[in-house]
1. Kindly indicate whether any position in the stretch 78-85 is open to solvent by 100 Å² or more (accessible area, probe 1.4 Å) and not polar (S, T, N, Q).
2. Could we say that ASN75 is without any contact (Cβ under 8 Å) to a residue 24 or more places away in the chain, surrounded by 11 or more Cβ atoms within 10 Å (Cβ to Cβ) and not basic (Lys, Arg) here?
3. Could you go through the stretch 34-48 and let me know if any residue there is out of contact with any Asp or Glu (no Cβ under 7 Å at 6 or more places or on another chain) and farther than 17 Å from LEU3 by Cβ.
4. Exactly one condition in (1) closer than 20 Å to LEU3 by Cβ; (2) of a type in the set (A, V, I, L, M, F, W, C); (3) open to solvent by 70 Å² or more (accessible area, probe 1.4 Å) is not met by VAL60; state its number.
5. Can you name the number of the only condition in (1) open to solvent by 70 Å² or more (accessible area, probe 1.4 Å); (2) touching a residue at least 24 places away in the same chain (Cβ under 8 Å); (3) among the hydroxyl-bearing types (Ser, Thr, Tyr) that TYR15 fails?
6. Which of the residues spanning the stretch 18-31 are in contact with a Ser or Thr (Cβ under 8 Å, 6 or more places away or on another chain) and open to solvent by 40 Å² or more (accessible area, probe 1.4 Å)?
7. Within the stretch 1-12, work out how many residues are open to solvent by 100 Å² or more (accessible area, probe 1.4 Å) and over 10 Å from the mean Cα position of the chain (by Cα).
8. As an exercise: evaluate TYR56 against (1) within 19 Å of ILE90 (Cβ to Cβ); (2) in contact with a Leu (Cβ under 7 Å, 6 or more places away or on another chain) and give the number of the one condition it does not meet.
Amino acid sequence: MSLIIKPVISEKANYLTDLRGAYSFLVEPKANKIQIKKAVEEAYGVKVADVRTMIYAPKVSSKYTKKGLQVGKTNKLKKAVITLAEGEVIDIFAVN
């Protein structure tokens, strides 16, 4: 089972990639920084210099219906921002 769920492709993530060479990935919430570093190095064949992580709490939403109050929530997410060593590049759009 891979710890990396998918790369994050957004304006801010692309800006960080161009400016600092940092790539963003959604990862398993229970993964730690060492496991994330090893997974990225194995998957893309690059040297990782730094890993920063952030956990997003689930968002709770509620609405009133004929049957009463309906409550739902999203999943908890963990995002990792990977900084690569000097001269390393990941081609996210390459077909594996």
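1. no
2. Answer is no for this residue.
3. So far as the stretch 34-48 goes, no, none of its residues is out of contact with any Asp or Glu (no Cβ under 7 Å at 6 or more places or on another chain) and farther than 17 Å from LEU3 by Cβ.
4. Only one criterion is unmet by VAL60, namely (1).
5. Every condition holds for TYR15 apart from (2).
6. Matches in the stretch 18-31: ARG20 only.
7. Matching residues across the stretch 1-12 total 3.
8. (1)
The values are calculated or read from the model by the stated rules, or taken from the named source; none is laboratory data. Since the structure is predicted, the reported quantities are computational estimates derived from the model, not experimental observations. Cβ coordinates were reconstructed from backbone atoms using ideal geometry, including for glycine residues, and neighbour counts include every protein chain displayed. For accessibility, only protein heavy atoms count, side chains too; no ligands or nucleic acids. Shrake-Rupley method; radii C 1.70, N 1.55, O 1.52, S 1.80 Å.
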